[in-house]
Amino acid sequence: MILSDRDIFHLVELKRLVIEPFDPSIVRENGVDLRLGGEFCRLRRSLTRIVDAKRLPPDIEEFYRCEEVDPEKGFVVYPHEHVLAHTLEWVELPDDIVGLVNVRSTFARLGLYIPPTVVDAGFKGQLVIEIIGSEFPIRVYPGQRFLHLVLVRASSPVAKPYTGKYQGQKGVTLPRPDDARNA
């Protein structure tokens, strides 16, 4: 069952759902609009090095160029470019709520795309998303409402709430090996 604005406000009031900073205007009819944070990472092209997804290299950050972005100047996503960004909001989901993330309609109509993203029950942290560029450059700004998070109630609380390697992440978190944990 998809949660309504009333359900969302009630969960926030009970402190079962945490969204910080919380602004009531981000709660929509059937979800929450999340804003872009200030860090963006461009994926660097490499034709000579191969990343083995089973054994990430210790210098994985060499495949990215990350920067804090001035909210007045914004950040340009170039055609077909893949960029990592994060939400301004810190989100904590209870063990019976799952989140489904999509780009807001205006950005989709401009041709920006994000792959399907699920936020597991029990997750705590800022969301990191991949943005895929349109046919033309598009400037986005930190603090801009960019994502729509639809909250869905599971049929029962999950037996194993999320405790994975991205739990507690702040800012853009680059890929971590499967055995990595956030300290």
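Miscellaneous remarks
- Which listed residue, of S156, S134, is over 27 Å from I60 (Cα atoms), at pLDDT 95 or above and among the hydroxyl-bearing types (S, T, Y): S156
- For R16, the requirement of being in a loop (DSSP other than H, G, I, E, B), of a type in the set (D, E, K, R) and at pLDDT 95 or above is met.
- Just one of the listed residues (G171, G143) is part of a loop (DSSP other than H, G, I, E, B), touching a Lys or Arg at 6+ places or on another chain (Cβ under 6 Å) and not hydroxyl-bearing (S, T, Y), namely G143.
- Contact annotation: residue pairs with Cβ atoms under 7 Å, 6 or more positions apart or on different chains, pairing a residue in region 99-120 that is under 14 Å from N30 (Cα atoms) with a partner that is of a type in the set (S, T, N, Q), are V101/T117.
- Condition met for F75 (under 24 Å from E135 (Cα atoms), touching a Ser or Thr at 6+ places or on another chain (Cβ under 9 Å) and either at pLDDT below 95 or of a type in the set (A, V, I, L, M, F, W, C) (or both)): no
- Subset of region 68-95 (residues that are part of a loop (DSSP other than H, G, I, E, B) and either of a type in the set (A, V, I, L, M) or under 28 Å from P161 (Cα atoms) (or both)): V69, L93, P94, D95
- Selected residue [over 15 Å from the mean Cα position of the chain (by Cα), in a loop (DSSP other than H, G, I, E, B) and charged (D, E, K, R)] from R65, R55: R55
- Residue match in region 56-72 (condition: farther than 24 Å from D178 by Cα and buried (at least 16 other Cβ atoms within 10 Å of the Cβ)): yes
The values are calculated or read from the model by the stated rules, or taken from the named source; none is laboratory data. Not measured: the values here are computed from a predicted model. As a convention, Cβ positions derive from the backbone with ideal geometry for all residues, glycine included, and neighbour counts pool all protein chains shown.
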